[in-house]
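The values are calculated or read from the model by the stated rules, or taken from the named source; none is laboratory data. Keep in mind that this is a model prediction, so the values were computed, not measured. A quick note on method: Cβ atoms are made from the backbone with ideal geometry, for glycine too, and the neighbour counts reach across all protein chains shown. The protein model used for the area step is the full one, side chains on, heavy atoms only, and it has no ligands, DNA or RNA in it. Shrake-Rupley method; radii C 1.70, N 1.55, O 1.52, S 1.80 Å.
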Amino acid sequence: MNESAFNVPCGSIPAPLCQCSLLQTAPLAGKIKARPEDFLVEELPLYDLTGDGEHLHMGIQKIGIRHDELIDIVARHCGVSPRAIGYAGMKDKHAVAQQSLSIHLPGQPDPRPLEHPHVHILWTKRHQAKLRIGQLLGNRFAIRVRDIEPSCIPRIHRDLYRLSKSGVPNAFGAQRFGYRLNGHILGRLLVLQDWQGFLDELLGATGTPFPQWQQDRRDTFHKNEFRAAIAHWAQSDLAERAALKALSEGATAKAAVKAIKPQMRDFWICALQSAIFNSVLDQRLRANTFDRFIAGDLAFLHKGGAIFRVTQLMLDSEQEAATLQTRMNAFEISPSAPLAGPGVMWGEDAALPIELNAIAQFSLAQQHFLDPSFQPSGSRRPLRIALTHPQAESGVDEHGNFVRVAFDLPKGAYATNVLQELFGGAIAQDTTLS
């Protein structure tokens, strides 16, 4: 495979967010996340705790801080490595979020009470096992939208009900792609092993737009003043500082990229996989096949995550087609799209060209994702997710009028997908660089 054929300017790589909506209603003006307490998210646990064991599970409420900051705060407080801390999922910075963490404390007493302005421990209980990624039932959201007319409540009620019946497009939201919405670009450069291009995108001033206040540090990078550039980045900018430190010590571009923690590099690969998934979802929404099967689809079983092939013969059989639709209506199964990687099952017949076209949108080919050493490994993700317990009401508080919407979503789903459908993209995406 001639990799030079895939060396295209980052500016020609499409945006990673889903561009289509299911409801296609007129946008509603409003504002979310005016303050953290306007966006509440509560993790729904998957299982009960036993009350004894080496792992201390705790309910955490965090306000306005990133996930990595939360882990560092709890690790320092408990006197453990961040690797000793387990979590089921990462929660939005611009929110009041309640979630569970586990801390491996074999033979050690529970830590003293934590005193922190943005992190509060709500409860603690022992258990035998570490909390792992994905070990949650879902999340409950309660979101206040500001600067919006309360008269829109009937429409929101109607649209929430429709989403509870049809499902919500299971797009990856802005959180998946970083504050510059360039995580997929960094992931693509990793896939291509374009080490210098990766560093230019991460640290330089020639790629994706960045906040104006970062101009000096990025200019310093281009002057090869790597040690001076380190001082401009905050302690929390772990990837930038790691790469610059390696460069300041004479490392090659490849070695500088490898100096970044593998978990961070995996995050960027996941962002690329997510952008490709969003492209498939966009195509299915445009073709009105978001919530129905086409030949060669892989049906995703929501309970357990198993998949099976949907053939043209099944769709041509009146009885089998009716059974598929009944299971679809009950949210037992849904069409799926790939998170591209080795081991993933690809679509066939009518489904495969859509998936290959999504990869081509990012100037890559299927072969880039077939290497057994490629990480993270591939999987399938349903094109839609169930929305349950929908609520909508208007109200007023000390900050003015608001519309409050509340709903439950399964794990891995984004509340912004629901907001995108209810209010339009401008209100749903919090992607400003200021």
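Here the stretch 243-264 is the region considered, the condition is being of a type outside the set (A, V, I, L, M, F, W, C), part of a helix (DSSP H, G or I) and open to solvent by 50 Å² or more (accessible area, probe 1.4 Å), and the residue that is farthest from F331 (Cα to Cα) is K245. Evaluated against (1) over 19 Å from R188 (Cα atoms); (2) open to solvent by 60 Å² or more (accessible area, probe 1.4 Å); (3) outside any loop (DSSP other than H, G, I, E, B), Q283 falls short on exactly one condition, (2).
Of everything listed in (1) assigned to a loop (DSSP other than H, G, I, E, B); (2) open to solvent by 70 Å² or more (accessible area, probe 1.4 Å), the single unmet condition for A129 is (2).
Restricting the first member to the stretch 14-27 and to residues that are within 21 Å of Y161 (Cβ to Cβ), and the second to residues that are small (G, A, S) and open to solvent by 50 Å² or more (accessible area, probe 1.4 Å), the beta-carbon pairs closer than 8 Å and six or more apart or on different chains are P27/A426. For the stretch 167-189, a tally of residues being outside any loop (DSSP other than H, G, I, E, B) and open to solvent by less than 20 Å² (accessible area, probe 1.4 Å) returns 11. Specify the residue that is farthest from W346 (Cα to Cα); the eligible residues are those in the stretch 278-321 that are at pLDDT 95 or above and of a type in the set (D, E). Filtering the stretch 278-321 for residues that are at pLDDT 95 or above and of a type in the set (D, E), the one farthest from W346 (Cα to Cα) comes out as E318.
Counting the residues of the stretch 233-242 that are loosely packed, with under 15 Cβ neighbours inside 10 Å and touching a residue at least 24 places away in the same chain (Cβ under 8 Å) gives 1.
Each row is one residue, and each column tells you yes or no for (1) assigned to a helix (DSSP H, G or I); (2) free of Cβ contacts under 8 Å to residues at least 12 places away in the same chain; (3) in contact with a Gly (Cβ under 9 Å, 6 or more places away or on another chain); (4) surrounded by fewer than 17 Cβ atoms within 10 Å (Cβ to Cβ).
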residue: L49; (1), (2), (3), (4): no, no, no, no
residue: D52; (1), (2), (3), (4): no, no, no, yes
residue: M58; (1), (2), (3), (4): no, no, no, no
residue: D68; (1), (2), (3), (4): yes, no, no, yes
residue: R76; (1), (2), (3), (4): yes, yes, no, yes
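Within the stretch 96-126, take every residue that is part of a strand (DSSP E or B) and among the polar types (S, T, N, Q) and give me the one that is surrounded by the fewest Cβ atoms within 10 Å (Cβ to Cβ). In this case the residue turns out to be T124. Checking the stretch 341-348 against the condition returns no match, with no residue being of a type in the set (V, I, T) and within 26 Å of L163 (Cβ to Cβ). Put simply, of K33, K93 the only residue that is modelled with pLDDT under 90, out of contact with any strand residue (DSSP E or B) (no Cβ under 7 Å at 6 or more places or on another chain) and either of a type in the set (K, R) or open to solvent by less than 40 Å² (accessible area, probe 1.4 Å) (or both) is K93. From the list F267, F308, the lone residue that is open to solvent by 50 Å² or more (accessible area, probe 1.4 Å), aromatic (F, W, Y), within 21 Å of I133 (Cα to Cα) and outside any loop (DSSP other than H, G, I, E, B) is F267. Within the stretch 375-426, the residues that satisfy the criterion of being part of a strand (DSSP E or B), open to solvent by less than 40 Å² (accessible area, probe 1.4 Å) and hydrophobic (A, V, I, L, M, F, W, C) are I385, A392, F402, V403, V405, A406, F407, L409.
Summed over the stretch 79-95, the residues that are in contact (Cβ under 8 Å) with a residue 40 or more places away in the chain and in a strand (DSSP E or B) give a count of 2.
Criterion applied to A205, A142 was being in a strand (DSSP E or B) and not aromatic (F, W, Y), and the one residue passing it is A142.
Only residues that are of a type outside the set (A, V, I, L, M, F, W, C), touching a Ser or Thr at 6+ places or on another chain (Cβ under 6 Å) and either closer than 18 Å to L419 by Cβ or at pLDDT below 95 (or both) were counted in the stretch 364-396, giving 2. Just one of the listed residues (E332, E348, E355) is charged (D, E, K, R), buried (at least 18 other Cβ atoms within 10 Å of the Cβ) and either under 19 Å from R381 (Cβ atoms) or modelled with pLDDT under 95 (or both), namely E355. Being part of a strand (DSSP E or B) and either touching a residue at least 24 places away in the same chain (Cβ under 8 Å) or of a type in the set (S, T, N, Q) (or both) is a condition met by no residue of the stretch 149-158. The residues of the stretch 132-149 that are open to solvent by 50 Å² or more (accessible area, probe 1.4 Å) and either among the small types (G, A, S) or in contact with a Pro (Cβ under 7 Å, 6 or more places away or on another chain) (or both) amount to a single one, L137.
Checking the stated criteria, A228 turns out not to satisfy the condition of being more than 24 Å from the chain's Cα centre (by Cα) and either in contact (Cβ under 8 Å) with a residue 60 or more places away in the chain or open to solvent by less than 30 Å² (accessible area, probe 1.4 Å) (or both).
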